[in-house]
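The values are calculated or read from the model by the stated rules, or taken from the named source; none is laboratory data. Given the structure is predicted, the values throughout are model-derived calculations rather than measurements. Here the Cβ is made from the backbone with ideal geometry for all residues, glycine too, and neighbour counts use every protein chain on show. Remember, those area values only see protein heavy atoms, side chains included, never the ligands or the DNA or RNA. Shrake-Rupley method; radii C 1.70, N 1.55, O 1.52, S 1.80 Å.
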Amino acid sequence: MNVAARPHSLKPIGDVSHVRGDTSVPLLELTIPQLLARTVAAHGQREAAVFPQQGIRQSWDEFSRDVDRLAAGLAALGLEKGDRIGIWSPNRWEWLVTQFATARIGLILVNINPAYRLYELEYALNKVGCRALVLASSFKTSDYLGMLGELAPELASCAPGQLKAAKLPHLTTVIRMGEEASPGMFNFADVLAMATPQGIAALDAATAALTPADPINIQFTSGTTGAPKGATLTHRNIVNNGNLVTSTIDFTHEDRLAIPVPLYHCFGMVMGTLGCVSKGAAMVFPSEGFDPLATLKAVAEERCTGLYGVPTMFVALLDHPEFASFDLSSLRTGIMAGSPCPVEVMKKVVARMNMREVTIAYGMTETSPVSFQSHTDDPVDRRVSTVGRVHPHVEVKIVDDKGKTVPVGARGELCTRGYSVMQGYWGDPERTAEALDAHGWMHTGDLATIDADGFGNIVGRVKDMVIRG
């Protein structure tokens with residue numbers, strides 16, 4: 001059954017800009033490890049993850065075994081439910097395993113932007129009190145090991161797991177990817193090797209102690225002003241958003257999704273990985289960072305049926321000099337999000353990339369992320385000129401500067417309510433109260449309109465709004 005069965009009506013309630021998503025299919029009340037276990041039980045032998053650059057290809061059974069090995073290794077290091085563990089890396093196999101291994105025992109994964117500089121890394125680690133950090137050695141021009149060594153020179157002389165750093169008082173354990181050894185750090189492979197049969201046997205009890213309402217992920221959002229805020233998301237938030245996003249593009253276990261968008265962001269780790277896990281669809285990660293040639297190659301060679309990206313990525317693919325040499329006939333659908341899509345780009349994606357069922361999505365980190373998405377059968381002009389209609393189990397209204405819901409078609413601030421709204425900003429009650437009101441509405445700061453058919457449109461930021469008269 002298509003979980004996102006076409007709703008009877010997503011039109012505004014009355015003559016005001018207030019819409020409610022379809023609720024005919026219940027939300028999943030599952031934790032991330034329960035979601036993965038369900039998929040492994042149903043599709044264990046099928047392909048789960050492909051990382052062409054690392055030469056890694058795993059079935060759900062194989063992936064699940066490595067997740068358990070890492071989870072048992074992390075537990076052996078003394079990490080326990082509620083501890084924060086940062087990950088600072090581009091799209092690699094280790095990122096994916098860490099995402100599910102931390103969730104297996106209730107560690108809160110803290111996504112650190114691969115582009116962060118020194119002061120941002122220091123702020124993020126300290127703001128949420130990371131006890132551990134998993135990191136790649138480098139990416140593009142960033143020398144991660146060198147930067148961390150600058151912040152924590154004590155690494156050079158401490159035993160792995162025994163860090164006491166003046167500038168990073170919470171951080172005790174650093175785990176590096178790659179085979180070279182670094183002073184004061186464990187290797188990723190070392191932690192996998194720490195798993196014992198007893199440690200693995202203890203994982204089910206740790207998972208049983210988790211609830212869907214537990215926080216499991218912190219993602220920093222820059223916002224328009226001030227220091228980054230750590231949006232705190234629960235299993236329930238992101239399991240359901242990933243499931244509903246992929247239901248809207250009619251995904252099943254037969255699908256294969258190319259994920260060139262970054263894992264540190266909701267687009268990669270919620271709409272991408274959790275979306276695929278919810279269906280048993282294969283995940284294909286073309287390269288560590290977006291590379292148009294690697295993406296075209298992966299889509300063609302892996303026979304991907306779906307592709308995610310922001311409009312500029314699709315432009316880079318279409319404009320690549322070798323574009324015409326790749327067979328993209330396997331593609332059917334995907335998601336374009338992150339910024340408005342020009343009409344011509346959408347038409348080319350449909351015609352030249354065979355993505356006749358591509359959809360547009362809108363959301364924000366604080367709402368897990370998607371709250372509006374077009375359907376695969378919406379007319380192309382609607383898919384280009386709007387962000388689609390309200391997502392299932394989500395309620396949206398547009399308000400004026402006094403908080404009053406505006407008439408249909410009028411512009412105002414978009415507010416969202418429902419399962420997808422974050423718990424709050426970590427350790428920041430004041431900024432949480434500014435964004436989340438007493439009635440559970442998340443004030444997005446985006447200026448939007450909703451038309452008579454329930455289609456939304458983002459037209460600017462509230463800060464840019466000019467109040468006249």
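Some points to look at:
- Taking the average, over residues, of other Cβ atoms within 10 Å as the packing measure, peptides 13-21, 387-395, 410-418 rank 387-395, 410-418, 13-21 from highest down.
- In terms of its C-alpha gyration tensor, the range 54-133 has an oblate overall shape, because the principal axis ratio a/c (a ≥ b ≥ c, square roots of the eigenvalues) is not below 1.5 and a/b does not outweigh b/c.
- Heavy-atom accessible area per residue - the range 22-165, 1.4 Å, Å²: 38
- Per-residue surface analysis assigns D377 an accessible area of about 100 Å², computed on protein heavy atoms at 1.4 Å probe radius.
- Net charge of neighbours whose Cβ lies under 11 Å from the Cβ of V315, counting Lys and Arg as +1 and Asp and Glu as -1: -1
- Theoretical gain in end-to-end length, S222 to S137 [0.36 nm per residue, Cα-Cα removed]: 28.2 nm
- Qualifying GluC sites (Glu not before Pro) in the range 246-311, DSSP loop, other Cβ atoms within 10 Å at most 14: E254
- Beta-bridge orientation, the chain: approximately 55 percent antiparallel, per DSSP, counting only bridges with both partners inside.
- Antiparallel bridges, percent of DSSP beta bridges restricted to the range 48-134 (to nearest 5): 25
- Percentage relative contact order, the chain, counting C-alpha pairs under 8 Å, at least six apart: 17
- Over 23 Å between alpha carbons, listed pairs K11/K397; K11/K404; K127/K397: K127/K397
- Computed about its Cα centre, the charge dipole of the range 240-331 is approximately 240 debye, with only Lys, Arg, Asp and Glu carrying charge at their Cβ.
- Dividing the mean sequence gap of close Cα pairs (under 8 Å, 6+ apart) by how many residues the range 93-198 holds gives a relative contact order of 22 percent.
- Expressed as a whole percent, the accessible area of the chain that falls on carbon and sulfur atoms is 54 (1.4 Å probe).
- A Förster radius of 25 Å combined with the Cβ-Cβ distance from L118 to S339 puts the calculated FRET efficiency at roughly 0.30.
- Charged neighbours of V358, selected by a Cβ distance under 10 Å, balance to +2 (K, R count +1; D, E count -1).
- Heavy-atom accessible surface of the range 169-310, averaged per residue, reaches 30 Å², computed with a 1.4 Å probe.
- Separation between Cα centres of the range 328-401 and the range 161-223, rounded to whole Å: 36
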